[in-house]
Amino acid sequence: MRCMKTAARLTVLALMLHSLPAAMAAQKALRQAPKQYSIEQFMATTSISGASFSRDEKNILFSSNESGIFNVYTQPVAGGKPVALTKSATDSTYAVGYFRSDDRFLFTRDQGGNEQNHLFVRELDGSDKDLTPGDKLKAMFGGWSADGGVFYALTNERDPKFFDLYRYDAKTYARTMLYKNENGMTPDRISRDERWLALEKPNTTSDSDLYLYDLSKAELKHISKHEGTASYSASTFDPASRRLFFTSNEGGEFNTLRTYDLATGAIALHEKADWDVFGSGYSQDGRFRTTVVDQDGSQVVRVVEGADEKPVALPKLPGGEMRGVTFSASGNLMAFYLNGDRAPSNLFVYDLKSRKTTQLTQSLSKEIDPNDLVEAEVVRFKSFDGTVIPSIYYKPKGLAPGVKAPAVIFVHGGPGGQTRRGYSALMQYLANHGYAVLGINNRGSSGYGKSFNTADDRKHGREPLWDCVEAKTYLASLGNIDPERIGIMGGSYGGYMTLAAMAFRPEAFKVGIDIFGVSNWVRTLESIPPYWESQRKALYEEVGDPVKDKEFLVATSPLFHAAQIRRPLMVIQGKNDPRVIKAESDEIVEAVKKNNVQVEYVVFDDEGHGFSKKKNQAVANARMLEFLDKHLKPGVNPSKP
C-alpha cells in the first residue's frame with residue numbers, strides 16, 4: 001500500500017516536472033506580450049519633415065501634422081515648444097524654408113489633396129502672398145541662389161504638360177523666365193553662378209538621359225550618351241560651378257556618384273558603395289558635402305568636409321538611422337532626423353564645434369511604450385524561379401508557443417518603389433494587434449540593382465505577383481504563421497497588385513485591401529495628369545501603351561477579370577486623387593459586388609493620392625483592422641480600434 005502511494009506521488013511529481021517547462025514558457029510569453037494600443041493612441045504620434053535655419057540660426061522651420069493636418073512650425077534651436085506659423089484646417093501646408101535676409105518664409109499648399117500646389121510667401125506682417133497664382137497649375141520650389149537674393153520656382157502655367165523655370169527676386173518677387181520648357185525635359189539643378197542648368201529626360205522608368213543647358217548662350221548639350229539601359233540623375237553643382245555631380249548605373253548594377261567637368265567634358269567616378277547612391281549635396285557655405293546611400297532597405301548618410309573631403313564624425317544615436325541632413329548658413333549647425341522601426345522621425349540639431357546634440361521633438365505618442373513595438377528584420381526568400389526577394393518583416397511580439405499568427409503581405413507603391421526600414425504607423429498598428437507583416441520588395445523594386453529593378457517590365461500582373469504568392473510559402477516555413485490566414489494589401493501600385501492577386505490568383509489570399517489602387521490600366525494611363533508628360537512615355541514603355549497595347553493592358557487589368565474575385569475585398573479611395581481617379585475604385589467595387597462577394601468601400605472626400613489628414617488615416621487604419629479581424633481571426637471578437 002505504501003509502495004503504491006509512493007509510486008503515485010512519484011508519478012504526480014513526474015507529471016509536474018514534465019509540464020513545468022511548458023508552464024514557464026507560457027508565463028514568459030505572457031510577460032512578453034505587448035500592451036495593445038488603440039488607433040487614437042497611434043494617431044497621437046506626430047509626423048514631421050523638413051528643416052530650415054533662420055537667419056540668426058536661433059530657430060528652425062519644419063512641417064508638422066501635430067494639429068491633425070500638416071502646417072508650418074518653428075522651434076528654438078536650443079529647445080522649446082514648437083509654434084505653429086500657419087493654421088490651415090483643410091489643406092496640407094508644407095514648409096520650404098526661411099529667407100536668408102529676414103524671417104519671411106516660403107511654403108507650399110494644395111487644395112484637398114489635388115496636388116495642384118502653389119508657392120506662397122509669409123510676409124513679416126503675417127500676411128500670405130501666392131507667388132504662383134492661377135487655376136489648374138502646379139508649382140514647385142527650385143532652390144536658392146548662393147547669396148539668397150534670388151530663388152527659383154517651376155510652374156506649368158504656360159503649358160499644363162511642361163514645367164518652366166523662373167527666377168524670383170527675393171525682395172520684390174519680380175520674376176524672369178530662365179528656361180522655357182518645350183521638349184519635355186525636367187529642369188533640375190542650377191549652378192551657383194547661374195550659368196548652367198541640368199535637365200533630365202526619362203526614356204523608360206529605368207533609363208534616362210542628362211543634359212546641360214548653358215543659360216548664357218542658350219545652348220543644350222547631351223552629356224549622357226549611352227547604349228543599353230542606364231539611369232542618370234543630377235545631384236548638385238559644386239560651389240565653384242566647375243563640376244556637375246550626378247548619379248548613374250551605366251556599366252554596373254548600382255548607382256555611383258560621378259562628376260562632369262563643365263570646361264572639358266571629362267567624366268570621373270567620385271564615390272561608390274555596394275548599394276545605390278541616392279545623391280549628394282553641398283552645404284550653403286560649400287564646406288560640407290553629404291551623400292546618401294540606400295543600403296539594404298536602410299539609409300546611410302556620409303558627410304565630408306573641405307577640398308580634401310575629410311570624413312566628418314557624425315553623432316551616433318541608438319534606435320534609428322540619420323535622415324534629412326541640413327546645415328546652417330555658417331556651417332556650425334547641422335539639423336537631421338533620426339528615424340527607427342520603433343520611433344518616428346525626430347528632429348535633432350548637432351553643433352559641430354561643441355559636438356553637442358540636441359533633440360528638439362518627441363514624435364511618438366506619450367502613451368506608447370516603444371518596447372511594445374516591433375523591431376523589423378530584413379529577410380530574404382527564393383521565389384518560384386530562384387530569384388531572391390528581399391523583404392522587411394514585422395513579427396508580432398508575445399506569440400505564445402504553438403500559436404500561429406495571421407499575416408499580411410504589404411506591397412509598396414511604384415512601379416519601382418521600395419519598402420524600407422523605418423517607422424510605419426500602419427505596420428506597427430497591425431503588428432501590435434497580432435498580425436505578422438511582410439513588406440515585400442518584389443522584382444521590379446528599386447534599391448537592389450538594375451537587373452532586379454527592370455525584371456518586372458511588361459510583366460505586371462504576372463511575375464511580380466507570383467513573388468507575392470511565393471511569399472506565402474516563406475511565411476508558412478517560419479512555423480508560427482497560419483498559411484490559411486494570410487491577406488494581401490498595398491497602396492497605389494501596391495493596390496493594383498492587391499487587386500491583381502484577388503483576380504488572377506483568387507485562391508492565394510484570404511482577403512485583400514486595395515488603397516488608392518489601379519483597377520484599369522487603360523484608363524489610368526489615358527488619364528494621368530498633364531504635368532506627368534515627361535514621364536508618360538516611360539510609363540508606357542514599362543506598363544504598356546493604352547492604344548498600341550490595349551489588349552495586353554485589358555488582360556492585366558483586374559477590372560476586366562473581376563468575375564474571378566471570390567474573397568472579401570476592402571477598397572479605400574480619395575475623392576480628389578489625380579493619379580488613380582475615383583472611377584477606378586467605383587467600378588471595381590461595383591463589379592465585385594455583382595459576384596455576391598463582400599466588399600467594403602471607404603471614400604474620403606478631402607483626400608487625394610494618400611492620406612494628408614490624421615482623422616482620415618485613423619478611420620482608414622481602424623476600418624482595415626476591423627476588416628482583417630473579421631476575416632483572419634474567425635471566432636475572435638474584432639480588435640477594438
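The values are calculated or read from the model by the stated rules, or taken from the named source; none is laboratory data. Source: prediction; values computed, not measured. Ideal geometry is used to build each Cβ from the backbone, glycine not excepted, and the neighbour counts take in all protein chains shown. These area figures cover heavy atoms from the full protein model, side chains too; ligands, DNA and RNA do not enter into them. Shrake-Rupley method; radii C 1.70, N 1.55, O 1.52, S 1.80 Å.
For residue 582 and residue 195, what is the calculated FRET efficiency with R₀ set at 30 Å and r taken between the beta-carbons, to the nearest 0.05?
0.05
Dimensions of the stretch 485-638 from C-alpha coordinates, computed as largest minus smallest value along each principal axis and given longest first, are 50, 35, 23 Å.
Please grab the % of Cα pairs in the stretch 163-223 that end up more than 14 Å from each other. Summing the P(r) of the stretch 163-223 above 14 Å gives 59 percent of all pairs.
How charged is the neighbourhood of residue 254? Take every other residue with its Cβ under 13 Å from the Cβ of residue 254, and add Lys/Arg as +1 and Asp/Glu as -1. Computed value for this residue: -4.
Near residue 232, once Lys and Arg are set to +1 and Asp and Glu to -1 for all other residues with Cβ below 12 Å from its Cβ, the sum equals -2.
Please return the longest range in the chain lying between exposed loop sites, taking chymotrypsin sites (Phe, Trp or Tyr not before Pro), DSSP loop only, at most 14 other beta-carbon atoms within 10 Å, and leaving the sites out. Value returned for the longest uninterrupted segment is 385-641.
Shape of the stretch 323-461 from its Cα gyration tensor (a ≥ b ≥ c, root eigenvalues): rounded if a/c is under 1.5, otherwise prolate when a/b > b/c, or oblate? Cα axes put the stretch 323-461 in the oblate bin. Between residue 473 and residue 172, the FRET efficiency estimated from the beta carbon spacing at R0 = 60 angstrom works out to 0.40. Between residue 103 and residue 355, the modelled label-to-label distance comes to 3.5 nm, taking each label 7 Å out from Cα in the direction of the beta carbon.
Mind scanning 129/180; 87/614; 404/633; 366/615; 136/614; 395/614 and naming the pairs with a C-alpha gap bigger than 20 Å? Working shown, then result.
Working: 129/180 24 Å; 87/614 15 Å; 404/633 11 Å; 366/615 18 Å; 136/614 26 Å; 395/614 26 Å.
Pairs exceeding 20 Å: 129/180; 136/614; 395/614.
Cross-link partners of residue 356 among aspartates and glutamates, defined as those whose alpha carbon lies under 20 angstrom from its own and excluding same-chain residues fewer than eight positions apart: 56, 57, 305, 321.
When a/c is below 1.5 the answer is rounded, else prolate if a/b is larger than b/c, else oblate, so apply that to the stretch 563-641 with a ≥ b ≥ c taken from the square roots of the Cα gyration tensor eigenvalues. Oblate, since a/c reaches 1.5 and b/c is not below a/b.
Using a probe of 1.4 Å on the protein chains alone, the accessible area found for residue 90 is around 80 Å². The value of relative contact order for the stretch 398-527, using C-alpha pairs under 8 Å at least six residues apart, is 28 percent. Note that the stretch 439-507 shows a convex hull volume over its alpha carbon atoms of 93 Å³ per residue. In the chain, the DSSP beta bridges split such that about 80 percent are antiparallel, to the nearest 5.
One decimal place: the segment residue 136-residue 548 gains 145.3 nm when fully extended, by the rule 0.36 nm per residue minus the C-alpha distance. Spatial offset of the stretch 133-178 relative to the stretch 502-520 amounts to 42 Å, using the alpha carbon center of each. Taking label positions 7 Å along the Cα-Cβ direction at both residue 595 and residue 369, the computed distance is 4.4 nm, reported to one decimal.
Working from Cα pairs under 8 Å separated by at least six residues, relative contact order for the chain is 10 percent.
Based on Cα contacts under 8 Å between residues 6+ apart, the stretch 292-341 shows a relative contact order of 26 percent.
A simple spin-label model places the labels of residue 555 and residue 203 2.7 nm from each other, with each point 7 Å out along Cα-to-Cβ. With r defined as the distance between the Cβ atoms of residue 378 and residue 272 and R0 fixed at 22 Å, what FRET efficiency is calculated, to the nearest 0.05? Taking R0 as 22 Å, the efficiency between residue 378 and residue 272 is 0.55. Kirkwood radius for the chain, taken over all pairs of different Cα atoms as the inverse mean of 1/r, rounds to 26.6 Å. Seen through its C-alpha gyration tensor, with square-root eigenvalues sorted a ≥ b ≥ c, the stretch 219-327 comes out oblate because a/c lies at 1.5 or above while a/b is not bigger than b/c. Heavy-atom surface analysis with a 1.4 Å probe gives the chain a carbon and sulfur content of 51 percent of its accessible area. Diffusion coefficient (Stokes-Einstein, Kirkwood radius over C-alpha pairs, 20 °C, 1.002 mPa s) for the stretch 321-402: 134 µm²/s, rounded to a whole number. Heavy-atom accessible area with a 1.4 Å probe sorts 551, 587, 182, largest first, into 551, 182, 587.
Note on residue 219 and residue 263: the extension gain reaches 14.4 nm, defined as 0.36 nm multiplied by sequence separation minus the Cα-Cα distance. Debye-formula intensities of the stretch 68-185, expressed as log10 I(q)/I(0) at q = 0.14 Å⁻¹, are -0.62 (one equal scatterer per alpha-carbon, no solvent).
Sorted largest first, the principal axis extents computed over the alpha-carbon atoms of the stretch 495-576 equal 39, 29, 16 Å.
Over what distance in Å are the Cα centres of the stretch 337-368 and the stretch 372-416 separated? So the two Cα centres are separated by 27 Å.
With respect to the chain, whose longest principal axis is taken over its alpha-carbon atoms, helix 463-477 is tilted by about 40°.
Entry note, the chain: the mean residue ellipticity at 222 nm calculated from DSSP H runs of n ≥ 4, each adding -39500 (n - 2.57), is -6000 deg cm²/dmol after division by the residues and rounding to the nearest 500.
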